[in-house]
Structure formats: C-alpha cells, structure tokens
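The structure appears right after this line, and notes come after that.
The values are calculated or read from the model by the stated rules, or taken from the named source; none is laboratory data. These numbers come from a predicted model, not from an experiment. Here Cβ is always computed from backbone atoms with ideal geometry, including for glycine, and neighbour counts include all displayed protein chains. Note: accessible area is taken over every heavy atom of the protein model, side chains too, but ligands, DNA and RNA are not part of it. Shrake-Rupley method; radii C 1.70, N 1.55, O 1.52, S 1.80 Å.
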Amino acid sequence: MKLIICENYEEASAEAAKVMLEIIKNKPNANLGLATGSTPVKMYELMVEDHEKNGTSYKDIKSYNLDEYYGLEHTHPQSYYYFMQKHLFSKVDIKPENVHVPKGSGDIQASCDEYNKLLAENVIDIQLLGIGSNGHIGFNEPGTSFDAVTHVVDLKQSTIEDNARLFFDGKIEDVPKQAISMGISNIMKAKSVLLLACGKGKADAVKKMIEGPVTEELPASILQQHQDVTVILDKEAASLLTK
Ligand code: PGA
C-alpha cells in the first residue's frame, strides 16, 4: 500500500484528483470505478476545474459506480446516479451511454446480474473508494464475504445513521434500508485502487484497514492483499496509525 498523509481535506482532495487525472491523461479510454459520499466531492470539483481549464477530455472514458440505494429511482436527488450527474457527469464531456451506475429499482437480482456481466467484460483501471466508519467499502458491510460479487445489501444501522446525518437532513426514516453494491471480489479485480479518507470519524477504520488483520469483519482490510493501492488521508484520518 502506498500511503499519502496530507495536512487537510483540501490537500488530500488535490492529491486524489492528481492520481485520477494521471490515469485519464495517460489512458483517455480508461475505465474508472467511481464512488459517491461526502469525501470525494472536492476531488470531483477539482476534476471539473481541470476539465474547464486544461481541457482534459472524458469523451472516451467509461465509468462504473460502486453502488446505489435500492428503492430510489435515478431521478431521486439522493440517488447516487443523481449525485454523480450533479458533481461530475453533467460538467465534463463524458458520454451518457458510457456512464454506469447500478440500477436501484425494478428487478434487483436482474440488476445485480447485469452489473456483474458488465464488470466481467470491462476491467477497471482505477477504482476510487471511500471507507465507512465501520470499515465498509462500497456498501460491503462488515461480515460480507470477500468472494461476493454485485449483490443486494441490508445496510447496517451505523451506515444508515452516517448517511442520514450527511445527506437526509438527519431523517433516519428517509434513508433506504437496502442498496445494491459491487462486491469485494469485483473491487479486487480493479488494476489499481485509490482510497480517500478524511476526518477523525474514519481514524479507527483506517487504522484497522492498514494495521489490523485481514478480516471480513473489516471489509477494507482486504486491500492489504491488492497489488496496487494508494491510500490518501488527512491528518485526522491518519491520527491512530502507529507504524
Ligand atoms: P463518506 O462515505 O465519504 O460520506 O464518509 C464514505 C463511505 O461510506 O464509503
């Protein structure tokens, strides 16, 4: 694992944008694995800024998002599809047909099967990840098998509470209780992984991911076994690391 510790969220976001842009510039038809959440917002903002200033093009880029709430149409303002449109897709020249987010409505098993087929046919060049305060990656909650492919997830209470606070005005009852998520085995097939984590709420999960045992109880710990992982942290997220 390559570890980069930054002074603050702004610097960490700039480092992460640099890693993404290097891939996009070196391989204009790259497959990007993308993530939602509060953490990557600034990074996407910097990618948009770069697109506007430097003309970095996404016209041959394909994107594959990690997850989506189950029960929210893509037009719902809290859906991850909507998030991606708002923060990146509508602001760069990516083609609508090259954008992939799991479908969180309708026949959910068919949606999982379709997404797995897509991922089997397209190798992801770089997979962006956040980490949950409980160590989840994507919506792979503690206890998820490392062998899982795209599947339906029952969200843990801690995840529902985190997301209610950040995105649903604190209204726990509005947060969907299920989601569809790439599995750990899909994530581990990416050629490279970029994990971005900021804030002291992530420090414990980050410590366990890097210094703890590889265990399904802390899904992100599997990344210790990936060949090409870059972890970018701010000081607070790095504050419990000892080695
Ligand atoms: P966050 O979510 O960026 O909103 O903290 C990260 C995650 O749960 O994976």
Considering the range 106-134, residues that are among the β-branched types (Val, Ile, Thr) and under 23 Å from LEU196 (Cβ atoms), and then whichever is surrounded by the fewest Cβ atoms within 10 Å (Cβ to Cβ), we arrive at VAL123
Across the range 20-58, what is the total count of residues that are among the charged types (D, E, K, R) and touching a residue at least 60 places away in the same chain (Cβ under 8 Å)? 1
Selected residue [among the aliphatic types (A, V, I, L, M), modelled with pLDDT of 95 or more and either within 12 Å of the ligand (Cβ to nearest atom) or open to solvent by 20 Å² or more (accessible area, probe 1.4 Å) (or both)] from ILE180, ILE137: ILE137
Read through the list (1) open to solvent by less than 20 Å² (accessible area, probe 1.4 Å); (2) more than 16 Å from the ligand (Cβ to nearest atom), then give the number of the only condition that GLU49 fails. (1)
Restricting the range 28-45 to residues that are surrounded by 15 or more Cβ atoms within 10 Å (Cβ to Cβ) and away from the ligand (no atom under 16 Å from the Cβ), the one farthest from GLY138 (Cα to Cα) turns out to be ALA30
Looking at the range 107-163, which of its residues are in contact with a Gly (Cβ under 8 Å, 6 or more places away or on another chain), hydroxyl-bearing (Ser, Thr, Tyr) and assigned to a helix (DSSP H, G or I)? SER111, SER158, THR159
Any hit, the range 176-189, residues being outside any loop (DSSP other than H, G, I, E, B), touching a helix residue (DSSP H, G or I) at 6+ places or on another chain (Cβ under 9 Å) and within 22 Å of ILE4 (Cβ to Cβ): yes
